Amino acid sequence: MKTVLRSLTLAVAIALVGGTEGAIASKFFEAGGLRGIPQIPNSAGFSQNNYQLEELEDLCSNADPLTALDACSEAIQRQNCHQKEILDPQLFPKCAILFDNLGAVLEQTGRYEDALTALNYAAELQPGDANIWYNLGIVYVHLQRYEQALEAFDKASDLDPSDTQAQKQADLLRELLEPSLY
C-alpha cells in the first residue's frame with residue numbers, strides 16, 4: 001500500500017517559486033502529545049457511522065484528502081496509535097502505515113509541518129520503511145529543507161534499492177544543491 005505522491009521535480013518547482021511560504025498552521029497538532037505527536041481531532045462523523053477499522057484504513061489511503069484525514073484520525077484513535085507508551089508493539093507497523101498515510105494527506109493539503117510531525121512519528125514506529133523516508137523527503141523539499149530531504153531520499157534508497165524513484169529524487173536534489181559537481 002504505497003503512498004503515491006507528486007514527483008520531486010514538481011515539489012522543488014513549487015518550493016523554489018515560493019508556494020510553501022506561509023503554510024497554514026493547523027489545529028490538528030496544536031494540543032500536542034508525546035514528543036509533539038498529535039492529539040487527534042474528534043472525527044465524530046466516522047464514529048457515528050460505525051465504520052469498521054478496515055474500512056477506515058482503506059479510506060485513509062484511498063479517499064479524497066478531507067475524508068482521508070478524518071478516516072486516518074479515527075483509525076489512529078481506535079488503535080491508540082498516537083499513544084506510543086500504551087501501544088502494543090505488534091501494532092507499530094499498522095500504526096506506522098496510518099501515520100504515513102496521514103502525513104501524505106497533510107502534505108497534499110499543504111500542511112507541511114503537520115505532515116512532518118506525522119511522518120517523523122511513523123519513522124519512529126517503523127524506521128525500516130522506505131516509503132516513510134521517501135514521503136519525509138517530499139515534505140522536507142516543500143519546507144525548503146533540502147539537506148534533510150536528500151538524507152531522507154538516500155535513506156529510502158538504501159532501505160529499498162529496488163525502488164529507483166528515491167534514488168532519482170536524491171540525484172536530482174544533489175544536482176540542484178551542487179550543480180557544479182554534475
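Coordinate-derived values only; no laboratory data. From a predicted model like this one, the values you see are computed outputs, not experimental measurements. Methodologically, a virtual Cβ is constructed for each residue, glycine included, from the backbone with ideal geometry; neighbour enumeration extends over all protein chains shown.
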Summing +1 per Lys or Arg and -1 per Asp or Glu among the other residues with Cβ less than 13 Å from Tyr140's Cβ gives -3
Plugging the Cβ-Cβ distance of Glu55 and Glu124 into 1/(1 + (r/R0)^6) at R0 = 35 Å yields, to the nearest 0.05, a FRET efficiency of 0.85
Computed over segment 126-182, the distribution of all Cα-Cα distances in 5 Å bins, rounded to whole %, is 4, 25, 31, 22, 12, 4, 1, 0
Projected area averaged over all directions for the convex hull of the alpha carbon atoms of segment 58-177, nm², comes out at 7.2 nm²
Here FRET efficiency (C-beta to C-beta, Gln144 to Gln83, R₀ 22 Å, nearest 0.05) is 0.10
Between Ala63 and Gln167, Cβ-based FRET efficiency (R0 35 Å, step 0.05) works out to 0.70
